[in-house]
Every structure is written in C-alpha cells, then in structure tokens.
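Novice: Just dropping this structure here.
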Amino acid sequence: MDNNFDITKNIKSLENLKVELLDRTASIFKNFNNDDISLELIDNICHVIITGYLLGNKLGYDFREIDEEILKRIKSILAEIDEEGSENYKDLIAYLKKR
C-alpha cells in the first residue's frame with residue numbers, strides 16, 4: 001500500500017511542477033507586453049529554470065548531469081552557428097569564457 005502512495009505522491013509532484021512551469025512561462029509572455037519590464041520578469045525566468053531542474057530531478061536526472069548537458073548543448077550550438085547567429089550568443093559566449 002505504501003508503494004501506491006509513493007507513486008501517487010510522485011505523480012502529483014510531477015503534475016504540480018508541470019503546472020508551475022506552464023504558469024511561469026505564461027507569465028514571461030505576459031510580461032513582454034508590459035511597458036515596464038520589471039523584476040517580475042527575471043523572477044519568472046529564474047523560476048522556469050529552477051522548475052526545469054526540479055522536474056529533471058524528479059524524472060531521475062542528477063542536477064550535475066543536467067548542468068553538464070546544458071553546457072554541452074550550449075557549446076554545440078555555439079560551434080554550429082554562423083557569424084550572424086553568433087550576435088545573439090555574444091553575451092553568453094563572454095559569460096562562459098569567464099566561468
């Protein structure tokens with residue numbers, strides 16, 4: 001009986017994280033329409049990233065594994081983009097070089 005309770009608890013937790021992710025993503029898009037881009041926008045962006053980490057962890061991925069995969073994908077994107085596309089990634093490239 002405890003096993004069924006744990007499965008139900010995990011499903012509910014996953015569903016709550018998915019709802020949180022959708023809610024914060026919607027809030028980001030709503031904030032784009034505001035004339036005053038406030039701290040609420042950065043708060044929502046941070047929550048999307050944090051929720052992504054938590055969701056990945058609930059699905060069995062280690063936080064470090066998620067970090068490494070993100071860095072690997074960023075480097076892969078940077079290796080594939082052309083000069084015009086690199087303009088969008090200029091600040092990210094500079095940040096990664098400092099890390």
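The values are calculated or read from the model by the stated rules, or taken from the named source; none is laboratory data. Model, not experiment: these values are computed from the prediction. Counting neighbours? That spans all protein chains shown, and the Cβs are built from the backbone with ideal geometry, glycine included. Surface accessibility is based on the protein's heavy atoms, side chains included, excluding ligands, DNA and RNA. Shrake-Rupley method; radii C 1.70, N 1.55, O 1.52, S 1.80 Å.
Novice: Residue by residue through region 1-54, note down the ones that are of a type in the set (S, T, Y) and at pLDDT 90 or above.
Specialist: Of everything in region 1-54, those that are of a type in the set (S, T, Y) and at pLDDT 90 or above turn out to be S13, T25, S27, T51, Y53.
Novice: If you check L78 against the conditions, is it surrounded by 10 or more Cβ atoms within 10 Å (Cβ to Cβ), on the phi < 0 side of the Ramachandran plot and more than 14 Å from the chain's Cα centre (by Cα)?
Specialist: Answer is yes for this residue.
Novice: Would you confirm, using the coordinates I've provided, whether R64 is at pLDDT 90 or above, of a type in the set (D, E, K, R) and open to solvent by less than 50 Å² (accessible area, probe 1.4 Å)?
Specialist: no
Novice: Still on this structure, please answer the following. From the residues in region 18-61 that are touching a helix residue (DSSP H, G or I) at 6+ places or on another chain (Cβ under 8 Å) and β-branched (V, I, T), which one is least open to solvent (accessible area, probe 1.4 Å)?
Specialist: Only one residue fits best here, namely T51.
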